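Here the structure comes first, spelled out in C-alpha cells, and everything after it is commentary.
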Amino acid sequence: MCTILFSKNTASANSITLVMNRDEFLDRESEQPFLRSGSPRFYAPMDLRAGGTWIAVSESGLLACLTNRRAVPQLPDRMSRGRLVEMAASMKTIQDVVEWLSSINAKHYNGFQLLVSNGLCSLLAAGDGIQMEYISLESGNHLITEMGIGPEHSHRARLATSLLAKTAIG
C-alpha cells in the first residue's frame, strides 16, 4: 500500500511533516535522489521504468508527492504520473501549481493523488482517469493511500490513523 502521511501545523505554525512509502512494485528500479537542473531546481529520485518521480522538494519551497489510485481503471497507453510531480516541483509558487493543475486533462493519466505544499497552502489533486478533484488540506493529519484520503478507505488506513493518534505528531 503506497501511503502518504501528511501533517500540517501539528508541530508548530506553518510546519509540515511528511512520511511516505513507495511499495507498489518492490522490484521497480529507481535512481537515488539528485538535484535536478532548472529554475527552480528540485531534489528527487527517478523512476527508471516510466520516468518521473514520486516525491520532490524544490528550491522554491514546494513539496510534491504522489500515490497511484488503484480503485479506478488503469490504461497502459497513458502518460507517466511521475511527470506530474516533476512539473509541480518545477513551479515557482503554489499559485503557479494551482493554475497548471487546472489545465491538466485527467484523461491523459491513470488515477493519481498529487499532494503539493509550500507549508502555508497544501493541496491534494486527485485524478481518476476521467476528471480531477481538488481538496485543500487544512491543519491536522492527513492519511492518503492508493484507495483515497482518510481512514474510511481500508483497514490498514484505519490502523495507521489509530497509531498516528498515539504519536507526538498525532
| task | Mind counting the residues in segment 56-79 that are under 13 Å from Gly127 (Cβ atoms), surrounded by fewer than 23 Cβ atoms within 10 Å (Cβ to Cβ) and of a type in the set (A, V, I, L, M, F, W, C)? | result | 4
| Right, Ile104: surrounded by fewer than 17 Cβ atoms within 10 Å (Cβ to Cβ) and over 30 Å from Ala13 (Cα atoms) or not? | yes
| said: Just checking: which of the strands (runs of 3 or more DSSP E) contained wholly in segment 1-93 hold 3 or more residues that are under 21 Å from Ser139 (Cβ atoms) and in contact with a Phe, Trp or Tyr (Cβ under 8 Å, 6 or more places away or on another chain)? | reply: 16-21
| remark: Of (1) within 25 Å of Asp128 (Cβ to Cβ); (2) modelled with pLDDT of 85 or more; (3) not polar (S, T, N, Q), Ile16 satisfies every one except (1)
| message | Quick check on my filter: what residues within segment 64-96 are within 24 Å of Leu5 (Cβ to Cβ), at pLDDT 95 or above and over 13 Å from the mean Cα position of the chain (by Cα)? | response | Met91, Ile94
| said: For segment 107-146, give me the residue count where each residue is open to solvent by less than 30 Å² (accessible area, probe 1.4 Å) and not in a strand (DSSP E or B). | reply: 6
| query | Which condition number in (1) surrounded by 20 or more Cβ atoms within 10 Å (Cβ to Cβ); (2) touching a residue at least 40 places away in the same chain (Cβ under 8 Å) is the one that Ile149 fails? | reply | (2)
| field | Filter result for the condition that a residue is open to solvent by less than 20 Å² (accessible area, probe 1.4 Å) and more than 21 Å from Ile135 (Cα to Cα), over Gly82, Gly52 | value | Gly52
| query | Of the numbered conditions (1) farther than 17 Å from Ala56 by Cβ; (2) open to solvent by 60 Å² or more (accessible area, probe 1.4 Å); (3) hydroxyl-bearing (Ser, Thr, Tyr), Ser7 satisfies every one except a single condition; which is it? | reply | (2)
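The values are calculated or read from the model by the stated rules, or taken from the named source; none is laboratory data. Owing to the predicted nature of the structure, the values given are computational and were not obtained by experimental measurement. Note that we place each Cβ from the backbone using ideal geometry, even for glycine, and neighbour counts take in every protein chain shown. Accessible surface areas use protein heavy atoms only, side chains included; no ligands, DNA or RNA. Shrake-Rupley method; radii C 1.70, N 1.55, O 1.52, S 1.80 Å.
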